[in-house]
1. Can you work out the FRET efficiency for the pair residue 49 and residue 26, with r the C-beta to C-beta distance and R0 = 35 Å, to the nearest 0.05?
2. Direction-averaged shadow area of the convex hull around the Cα atoms of the range 29-228, nm²?
3. Starting from the Cα of residue 56, step 7 Å along the direction of its Cβ; do the same at residue 69; then give the gap between the two resulting points in nm.
4. Once label points are set 7 Å from the Cα along Cα→Cβ at both residue 86 and residue 193, what is their separation, rounded to one decimal in nm?
């Protein structure tokens, strides 16, 4: 049994740190199946239609918004893509990677993993991707892979936007304009990270990803989606730990005085 107030305070602090770390990890969707299954218990297969499989665990749903009303179109889906491209419907062309499709440039393989989320590129244009939250958040981040520039001068580019419940735009971010893989700074087979931190008083309930380049139909590889946290813990978290640390020190000095 732990009787020392110092030990109790220290233990509480450690539990808080561990709990916060676990919470941050729980916010991250890598789209990697666990023992071959998605969070809702369905089997992960290449080209599986993705809508609400992550909703129960993460509180998010995925789909398309073709009419730009900030609502997921009925019947629309995104697609789970295996980097091994087992069913032939690829997510992107990997010019600088060892394999032709769905692969990362050398050094980025573990960051991409074996699975990611993508859109269908069968239509004439790329429809807006919409992520919808059950409960609002103030922070989020994710990666878009392989933003290309073409030999004909056309380039891919993406705009990511965060909205509140009323549909008010809180913040948007534009990706770099894609450049050819022979040009320094190319994002061929590499990730581009976007992130939001709207601060107190504002809450994100929807995130859109929209192709704004001069390529009419742009494939997307979406990965490593932190649904509710970005980077380091918030300042109030560290303030709380500092407070507990001071309490521990005070108690310890009282006992040893």
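1. The formula returns an efficiency of 0.90 here.
2. 11.1 nm²
3. 3.0 nm
4. According to this spin-label approximation, the distance is 3.1 nm.
No lab work stands behind these numbers, since they all come straight from the coordinates. These numbers were taken from a predicted model, which means no experiment stands behind them. A quick note on method: Cβ atoms are made from the backbone with ideal geometry, for glycine too, and the neighbour counts reach across all protein chains shown.
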